[in-house]
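Please read the structure below before turning to the comments.
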Amino acid sequence: MPVILEAHDLVKRYPLGEGQVEALSGISLAVERGEFVAIMGSSGSGKSTMLQLLGGLDLPTSGEVVIDGVRISTLDDERRTLTRRDKTGFVFQFFNLIPLLTVAENVALPFLIAGDPATRHRSRIDELLTMVGLADKANHRPDQLSAGEQQRVALARALATSPAILLADEPTGNLDYTTGTEILDLLWDSADRLEQTIILVTHAAHAAAYADRVLVVRDGRLLDEIALGRRRDHDARELIARLATLGL
Ligand SMILES: Nc1ncnc2c1ncn2[C@@H]1O[C@H](COP(=O)(O)OP(=O)(O)O)[C@@H](O)[C@H]1O
Ligand SMILES: [Mg+2]
């Protein structure tokens, strides 16, 4: 499969007081279309920073991210926003739904942001809500839903435009095991059906075990890479054993 996402020697420093903190210290990788990659590492190792740069939400201090052949640092803010909208979807730990909007309106947000009337996408939104099992809750507000249901809304929203790349930062971190597994199954199914690329940041080996390969990050660098192969049901115990040898 062709490469759809590349990072070349990413460095990211944030200002901190008088000085600065280096969150990433030279990360390079290439991810193929349809690949499912998990990123693991202890808290503060740079996972969220890496995901934000890979998805074009933020720019590196130095280095380059290439999304589907486009070097995003060469784009102005507006074209970077458009590239992000067309190519990527994001899912976060705390769902980031808009509380005043209904479930259907939250899912329709990517279309609204594109200046596209949601009414034109009625059937697509119905299809997404059916896919995540929330067709009967289209008019609910987020606070009327369980945590797992809220994350399913967030996933439907991220998948609305069928993005080539889905980036998820601890999407199961606030869910119990069973509910988290439902979200991961939905993710895997969508990716498999649409040949989407998934970058999943997670602490949980059972979540990372869905991936084709696991990248381990430490202190802003890639420490190791564990190849698992294309299957959703890898044995998490083997991965846990490998991670243990890396002190995770
Ligand atoms: N906006 C920010 N401003 C300053 N420091 C930051 C910012 N975001 C992250 N950091 C720092 O960068 C390092 C990596 O953070 P992060 O990417 O959030 O790690 P992780 O997601 O693995 O926990 C940490 O030391 C963190 O404190
Ligand atoms: Mg994080």
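Mind jotting down a quarter of the surface of the convex hull over the alpha carbons of segment 3-245, in square nanometres, one decimal? Please report the intermediate quantities before stating the final value.
Numbers: hull surface 54.1 nm².
Orientation-averaged projected area of the Cα hull: 13.5 nm².
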Taking only Cα atoms of segment 200-248, the Rg to Rh ratio with Kirkwood Rh works out at 0.93
With x for Gly and Pro, the residue-by-residue ³J(HN,Hα) of segment 87-100, computed from phi through the Karplus equation 6.51 cos²θ - 1.76 cosθ + 1.60 at θ = phi - 60° and given in whole Hz, is 10, 10, x, 10, 10, 10, 4, 9, 6, 6, 7, 8, x, 7
Does anyone have the angle between helix 236-245 and the longest principal axis of the chain? Alpha-carbon axes, 0 to 90°, nearest 10?
30 degrees
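I'd like the antiparallel share, as a percent to the nearest 5, of DSSP beta bridges with both residues in the chain.
Numbers: 24 of 41 bridges.
Looking only at bridges with both residues in the chain, the antiparallel portion is about 60 percent.
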On a 0 to 90 degree scale, rounded to 10, what angle separates helix 147-159 from the longest Cα axis of the chain?
80 degrees
Given R₀ = 35 Å, FRET efficiency for Arg231-Ser123 by Cβ-Cβ distance, to 0.05?
0.60
Rounded to the nearest 20 Debye, what is the dipole magnitude of segment 3-245 about its Cα centre when Lys and Arg each give +1 and Asp and Glu each give -1 at the C-beta?
200 debye
Report the label-to-label distance for Asp116 and Leu223 in nanometres (one decimal), using points 7 Å from each Cα along the Cα→Cβ vector.
4.2 nm
Percent relative contact order for the chain, counting Cα pairs under 8 Å at least six residues apart, stands at 26 percent
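Please report the orientation-averaged projected area of segment 67-140, defined via the convex hull of its C-alpha atoms, in nm². Don't skip to the end; give the middle numbers.
Numbers: hull surface 25.1 nm².
Dividing the Cα hull surface by four gives the mean projection, 6.3 nm².
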Accessible surface of the chain, 1.4 Å probe, proportion on carbon and sulfur as whole %
49 percent
Give the angle, between 0 and 90 degrees and rounded to the nearest 10, that separates the Cα long axis of helix 177-194 from the longest principal axis of the Cα atoms of the chain.
90 degrees
Straight-line reach from Lys47: which lysines fall under 29 Å, measuring Cα to Cα and dropping same-chain residues less than 8 apart?
Lys12, Lys87
Just want to confirm a number: the relative contact order over segment 18-82, from Cα pairs under 8 angstrom separated by 6+ residues, in percent.
21 percent
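So with the 1.4 Å probe, I'd like the accessible area per residue for the chain, rounded to whole Å².
I get 47 Å² per residue for this part.
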Debye log10 I(q)/I(0) for segment 109-218, one point scatterer per Cα, at q = 0.14, 0.22, 0.23 Å⁻¹:
-0.59, -1.31, -1.40
Anyone know which of Val91, Val70, Val31 comes out most mobile in the 10 Å Cα GNM of the chain?
Val70
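Can you tally the net charge around Thr179? Count Lys and Arg as +1, Asp and Glu as -1, for every other residue whose Cβ sits under 15 Å from the Cβ of Thr179. Before the final figure, lay out the partial values.
Values: positive: Arg152; negative: Glu149, Glu170, Asp176, Glu182, Asp185.
Net charge in that neighbourhood comes out at -4.
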Spin-label point model (7 Å from Cα, Cβ direction): what's the Phe94 to Leu82 distance in nm?
3.3 nm
Determine the relative contact order of segment 181-242: mean sequence separation of Cα pairs under 8 Å and six or more apart, normalised by residue count, in whole percent.
28 percent
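Within the chain, what is the longest stretch that has no GluC sites (Glu not before Pro) placed in a DSSP loop and near at most 15 other beta-carbon atoms within 10 Å?
Numbers: sites that count: Glu18, Glu195.
With a cap of 15 other Cβ atoms within 10 Å, the longest stretch comes to 19-194.
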Around Gly229, what is the net charge, scoring Lys/Arg as +1 and Asp/Glu as -1 over all other residues with Cβ under 10 Å from its Cβ?
+2
Descending accessible area (1.4 Å probe), largest on the left, turns Leu109, Leu184 into Leu109, Leu184
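Where in the chain lies the longest segment free of trypsin sites (Lys or Arg not before Pro) that are both loop residues by DSSP (not H, G, I, E, B) and have at most 13 other Cβ atoms within 10 Å?
On the way: sites that count: Arg230, Arg231.
Formally, the longest exposed-site-free interval is 1-229.
The values are calculated or read from the model by the stated rules, or taken from the named source; none is laboratory data. Please read these numbers as outputs of a predicted model, since none were measured by experiment. Backbone-built Cβ (ideal geometry, glycine too); neighbour counts: all protein chains shown. Heavy atoms of the whole protein, side chains included, go into the accessibility calculation; ligands, DNA and RNA do not. Shrake-Rupley method; radii C 1.70, N 1.55, O 1.52, S 1.80 Å.
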